[in-house]
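Every read-out reported here was derived from the displayed coordinates using simple, explicitly stated rules and does not represent laboratory data. Fair warning: this is a prediction, and the values are worked out from it, not measured in the lab. Using ideal geometry, Cβ is built from the backbone for each residue, glycine included, and neighbour counts are taken over all protein chains shown.
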Amino acid sequence: MGRSFSVGALKRSVDRHIYHHHQLQGRGREVSDSLRPQPVPHVPVGTEAEVCADIAHRQKLGIAKYGTTVADNPLPLEAWLQHAYEETLDKAIYLKRAIAELKKQQTARAATPA
C-alpha cells in the first residue's frame, strides 16, 4: 500500500509552510513556489479509511487474478456493464439472505420466554 500519513504531521507541515510564507511576505520578499503552502492530501480515517483499504486490497487481488488494473483493462463498455449487472444481482442475493437471517433471529428471540 502507499505511504501512510499522520494527520498531525501533515497539519504541522502546512502550518510551517504558512508561517514561512507570512514571514517572507511581511519582509516584502517574493515567496518562491517551494515555500507556498501546498495542498494537503486528504487522509481518510474511520469508516472511509476502511473502505479505502478494502479497495486497495481488491485491486491487489484483481491484478493477481487478471494481470491488470480496471483502468488498464481493455474490455468494451458492454462487458463492463454486464459485470456490474451480475455483481448487482449477487448483491441482491446477499441482501435477501441477510434479511432472512435477521427475521429468523427476531422470530427466535420472540419465541424465547423472558
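Quick notes on this structure:
- For the stretch 63-104, the list of GluC sites (Glu not before Pro) that fall in a loop by DSSP and count at most 14 other C-beta atoms within 10 angstrom is empty.
- Efficiency of FRET from Cβ geometry, ALA49 and LEU89, R₀ 30 Å, rounded to 0.05: 0.55
- Within-13-Å neighbourhood charge of ALA111 [Cβ basis; K, R +1; D, E -1]: +3
- For the stretch 48-100, the square roots of the Cα gyration tensor eigenvalues, ordered a ≥ b ≥ c, give a/c of at least 1.5 with a/b no greater than b/c, which places it in the oblate category.
- Remark on the stretch 75-114: Rg and Dmax equal 17.6, 59 Å (Cα only).
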